[in-house]
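The values are calculated or read from the model by the stated rules, or taken from the named source; none is laboratory data. All values derive from a computational prediction rather than experimental measurement. Positions of Cβ are backbone-derived with ideal geometry, glycine not excepted, and every protein chain shown enters the neighbour counts. Each accessible area value is taken on the protein alone, full model and side chains, heavy atoms only, with ligands, DNA and RNA left out. Shrake-Rupley method; radii C 1.70, N 1.55, O 1.52, S 1.80 Å.
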Amino acid sequence: MKSAVVRVQFVTRPFDAASRQIRFAPGAPCPGYEGLRGPDTGEWAGRTLDEVSAEDPAAVQRWLTDPGYAPPGGESVTELVARVGTALAGLAPGTHRAAVDQAVVRAGVVHALELPAAAFWRLDVRPDTVTTLTGRLGRWNLQLGLPLDE
């Protein structure tokens, strides 16, 4: 008997004006998939990376290098990876297509491939692409960066 397969197609949102300015966005919702909402950037939400770096360069440096560090009032990379992993584990068999932030794709890949959380910042995710995770029996396979039309 074959085990049930879960297929998750992460559709990466296009860059918007905030992304182009490298602005911390509030955790963007993912309708139908609460656990796949964007990262919670806490008090940094709505501010640019340059603004936050000018005010507290040590905090930004720590956020970029320590997966356990969270922006004030926000969530750490480690917490994001755990949240996305829990959401993936709870999906019913079948194909799920979710429009998500690039950070959610990174977190999903880190979780699925059992990478160290520090690998999160080493993954580049292109906008307007599809990243697919296919899971069965607690294991995940990864297909990266397909164009949206495939």
Within the chain, percent of DSSP bridges classed antiparallel, to nearest 5: 65 percent
So the FRET efficiency between Thr134 and Ala28, C-beta based with R0 = 25 Å and rounded to 0.05, is 0.55
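Computed FRET efficiency, Cβ-Cβ of Arg47 and Ala118, R0 25 Å: what is it to the nearest 0.05? Spell out each step's value before the answer.
On the way: r = 24 Å, r/R0 = 0.97.
In this case the efficiency is close to 0.55.
What does the helix-only formula give at 222 nm for the chain: each DSSP H stretch with n ≥ 4 adding -39500 (n - 2.57), the total divided by the residues, and the result rounded to the nearest 500 deg cm²/dmol? Let's see the in-between values first.
Values: 5 runs with 44 residues, N = 150.
Mean residue ellipticity at 222 nm (helix-derived): -8000 deg cm²/dmol.
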Area of Thr41 that stays accessible when all protein chains are in place (1.4 Å probe, Å², to 10): 10 Å²
Find which of Tyr33, Leu137, Ala59 sits farthest along the positive direction of the dipole of the chain, computed with +1 on the beta-carbon of Lys and Arg, -1 on that of Asp and Glu, about the Cα centre. Leu137
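For the chain, which whole percent of the accessible surface, found with a 1.4 angstrom probe, sits on carbon and sulfur atoms?
Numbers: 4520 of 8360 Å².
That fraction is 54 percent.
Per Stokes-Einstein, at 10 °C and 1.306 mPa s, what whole-number D in µm² s⁻¹ belongs to the chain, with the Kirkwood radius over Cα pairs as the hydrodynamic radius? Show your work: numbers first, answer last.
On the way: Rh = 15.8 Å.
Value of D from the Cα-based Kirkwood radius: 100 µm²/s.
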Largest first, what is the accessible-area ranking of Ser53, Ser76 with a 1.4 Å probe? Ser53, Ser76
